[in-house]
Each structure stands twice: as C-alpha cells, then as structure tokens.
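Colleague: Okay, here's the structure, questions in a sec.
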Amino acid sequence: MTKQLPNFFTLLNLFFGCLAIVCGLQSKLIVMARPDGQLYVDIPEKIWMVSLFIGLSALVDFLDGFLARALQADSAMGKQLDSLADLVSFGVAPALLLFHFLRLAWAQQPDGMELSSVLLWPAFFIPLAAAWRLARFNIEPSVSSSFSGLPVPAAGIFIASLPLIYWNVEIEEVILLLQNAYFLYAIIVMLSLLMVSRIPLLSFKFSSFSWGENQPRYLLIIVSVPLFLVLQWLALPLIIVLYVLLSLLFKNKLA
C-alpha cells in the first residue's frame with residue numbers, strides 16, 4: 001500500500017491542476033472605473049487563485065518524487081502518471097494565465113476588444129512545448145545531476161508568479177511590462193524554447209552534500225533566499241532565470 005503513496009500525491013497534483021483551470025476559466029476581464037470616471041479593462045484580483053493551485057501542484061509534485069525515492073517506489077506507471085499530471089498543472093493551467101494577460105494587453109489598445117482572438121493563441125504554445133518535453137523525458141534515460149531542457153514545473157511556476165507580481169508589486173514599469181503583449185510573447189517563446197531544448201539544467205537530486213559537488217545548487221539557494229525576502233513575488237521569475245544561468249555557468253559539472 002505504501003508503494004502507491006507517491007501516486008496518490010501525483011493524482012493530488014492533477015487535482016490541483018484541474019482546480020487551477022476552473023479558476024482560470026472563471027477569471028474573465030472586467031471593466032472598472034477610475035476615480036475620474038474613466039473606464040478601463042483589468043484582470044480580476046481573484047485570478048491569484050490560479051497561481052495558488054499551481055503552487056499547491058508544485059508542492060505535491062515535489063513530495064511525490066521525494067516519497068518515490070524514500071520508499072524506493074519508482075515505477076513506470078508512476079513516471080507516466082507524473083507527466084500527465086504535470087502537463088495539466090504546469091502546461092494547460094499556466095497557459096490560461098497567459099491567455100488572460102494577452103487579452104488584457106491587447107485590450108489596452110484603442111480597438112483592442114475588436115482584435116482577432118488568434119493573437120491570444122500563442123499562449124497555448126506552452127502546453128505544446130510541455131507535452132514535447134515530458135514525452136521526451138519519459139522515453140530517455142534520466143541523469144541524476146541534470147535535466148535536459150527546462151523542467152515543466154519550473155516553467156509553470158514562472159508563469160504562475162505573474163498574477164502575484166501584477167497585484168502585489170507596486171513598480172509601474174513592471175506592471176506596464178505585464179500589460180505589453182510583445183513582452184508576454186517573449187516569455188512564451190523563451191519558456192517554450194527552454195523546455196524543448198537539450199540544454200543541461202541543474203537537478204536537485206543530491207548524491208552527497210559536499211560543496212564541491214553541489215556548488216551551483218548551494219549558490220542558487222544562498223542567493224534565492226535574500227532575493228525572495230527583498231523582492232517577494234518578483235523574485236520568483238528571477239530565481240528561475242538565475243537557475244538557468246547557473247546551470248549554463250556550471251554545465252561542465254552537470255555531465
């Protein structure tokens with residue numbers, strides 16, 4: 001029975017991913033009035049619920065892997081089940097967030113509400129790239145020290161941070177970036193290419209705790225903690241960017 005415990009957490013990951021999608025489908029753009037009476041379009045603050053459930057998916061996704069190793073319960077079924085859950089929680093659900101942010105960005109334009117919905121379709125490049133990345137992961141031998149391409153949960157967390165930044169970071173330049181369609185397209189392209197790439201990126205499976213073998217891992221942790229304390233939600237995407245940069249810097253240690 002304990003051998004099935006990791007699979008239970010994997011299904012919980014999928015459950016939270018489904019809830020994230022439901023919240024995303026309910027979070028439509030709203031029209032609001034400024035103090036001067038001028039109308040403007042915005043995303044409802046409750047969209048943070050999508051980020052919450054993606055975050056819970058990430059938590060239980062970590063736990064299922066941890067339990068599988070601790071209980072020596074790795075299985076072919078568990079691997080397939082994990083990828084199916086990750087596609088929903090970190091592919092489809094984050095794509096809905098990008099879909100809404102693209103709608104918001106184009107709605108800022110004078111004729112934005114009349115533009116073709118085709119401009120929003122690039123949001124779904126994320127689950128396409130995630131599916132490719134996960135399928136490749138399932139058929140290739142795993143390497144304990146690295147991942148081949150950006151892990152799908154990391155891409156999902158990057159996107160899940162956007163509503164939290166939008167509603168909690170009071171930096172006008174950051175808000176304007178999140179309302180810029182071309183900036184959002186750049187995020188989509190960057191994350192999609194990183195996921196389907198074969199760039200070796202750092203794994204957090206420790207074979208020992210020595211500094212020499214885990215220098216990039218420890219550096220990431222040491223920098224991430226104060227970064228999050230200072231920048232709060234804005235630190236999340238920066239930590240993922242730092243993760244990629246450190247992986248490239250120490251790529252000779254990931255072989």
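Derivation of every value follows stated rules applied to the coordinates shown; laboratory data play no part. As the structure is a prediction and not an experimental result, all values here were calculated from the model. We place every Cβ from the backbone using ideal geometry, glycine too, and count neighbours over all the protein chains shown.
Colleague: Loop-only GluC sites (Glu not before Pro) in the range 136-188, please: DSSP not H, G, I, E or B, and at most 10 other Cβ atoms within 10 Å.
Modeller: The qualifying sites are GLU170.
Colleague: Oh, and also: Count charges around LEU104 for me, please; just the other residues with Cβ under 12 Å from its Cβ, Lys/Arg as +1, Asp/Glu as -1.
Modeller: Details: positive: LYS28, ARG103; negative: ASP42.
Net charge in that neighbourhood comes out at +1.
Colleague: Just going by the charge dipole of the chain, with Lys and Arg at +1 and Asp and Glu at -1 on Cβ, which of GLY55, LEU202, ASN252 is farthest out on the positive end?
Modeller: Checking the options against the dipole of the chain, the answer is ASN252.
Colleague: Moving to a separate point now. What is the sum of charges around ILE139, taking Lys and Arg as +1, Asp and Glu as -1, for the other residues whose C-beta is under 13 Å from the C-beta of ILE139? List each step's numbers first, then the result.
Modeller: Values: positive: LYS79, ARG133, ARG136; negative: GLU140.
Result for the neighbourhood of ILE139: +2.
Colleague: If we count every other residue with Cβ under 13 angstrom of PRO151's Cβ, Lys/Arg +1 and Asp/Glu -1, where does the sum land?
Modeller: 0
Colleague: Nearest 20 debye, what's the magnitude of the dipole of the range 2-253 about its Cα centre given +1 on Lys and Arg Cβ and -1 on Asp and Glu Cβ?
Modeller: 780
Colleague: Please identify the DSSP H helices in the chain that span no less than 18 Å along the helix axis (Cα) and have a mean Kyte-Doolittle hydropathy of -1.0 or more. Let's see the in-between values first.
Modeller: Numbers: long enough: 5-26 (32 Å, 1.63); 48-70 (33 Å, 1.43); 93-107 (22 Å, 1.44); 125-139 (22 Å, 0.96); 152-168 (25 Å, 1.38); 181-196 (23 Å, 2.46); 211-231 (29 Å, 1.04); 235-249 (20 Å, 2.81).
The answer, listed by residue number, is 5-26, 48-70, 93-107, 125-139, 152-168, 181-196, 211-231, 235-249.
Colleague: Using just the alpha carbons, could you tell me how many Å³ per residue the convex hull of the range 104-192 encloses?
Modeller: Values: hull volume 9.2 nm³, N = 89.
Taking the convex hull of the Cα positions in the range 104-192, it is 104 Å³ per residue.
Colleague: Say we join alpha carbon atoms closer than 10 Å with springs in a Gaussian network model of the chain; which of SER51, SER224, SER75 then has the biggest fluctuation?
Modeller: The residue that fluctuates most here is SER75.
Colleague: Then there's this: Multiplying the sequence separation of LEU193 and TRP211 by 0.36 nm and subtracting their Cα-Cα distance, what value in nm do you get?
Modeller: 3.4 nm
Colleague: Once every Cα of the range 1-120 carries one equal point scatterer and solvent is ignored, give the base-10 log of I(q)/I(0) from the Debye formula at q = 0.15 Å⁻¹, two decimals.
Modeller: -0.71
Colleague: A further question follows. Can you sort PHE124, PHE66 from fewest to most other Cβ atoms within 10 Å of each residue's own Cβ? Don't jump to the answer; show the numbers that get you there.
Modeller: Values: PHE124 16, PHE66 12.
Listing PHE124, PHE66 from fewest to most nearby Cβ atoms yields PHE66, PHE124.
Colleague: What is the Rg over Rh value, at two decimals, for the range 118-255, using alpha-carbon atoms and the Kirkwood definition of Rh?
Modeller: So for the range 118-255, dividing Rg by the Kirkwood Rh gives 0.99.
Colleague: Only Cα pairs under 8 Å and at least 6 apart count here; give the relative contact order of the range 116-191 as a rounded whole percent.
Modeller: 41
Colleague: Would you calculate the separation in nanometres between label points at LEU248 and ASP74, each defined as 7 Å from the Cα along the Cα-to-beta-carbon direction?
Modeller: In this crude label model, LEU248 to ASP74 measures out at 3.0 nm.
Colleague: Averaging over all projection directions, find the projected area of the Cα convex hull of the chain and quote it in nm² with one decimal place.
Modeller: On the way: hull surface 58.5 nm².
Result: 14.6 nm².
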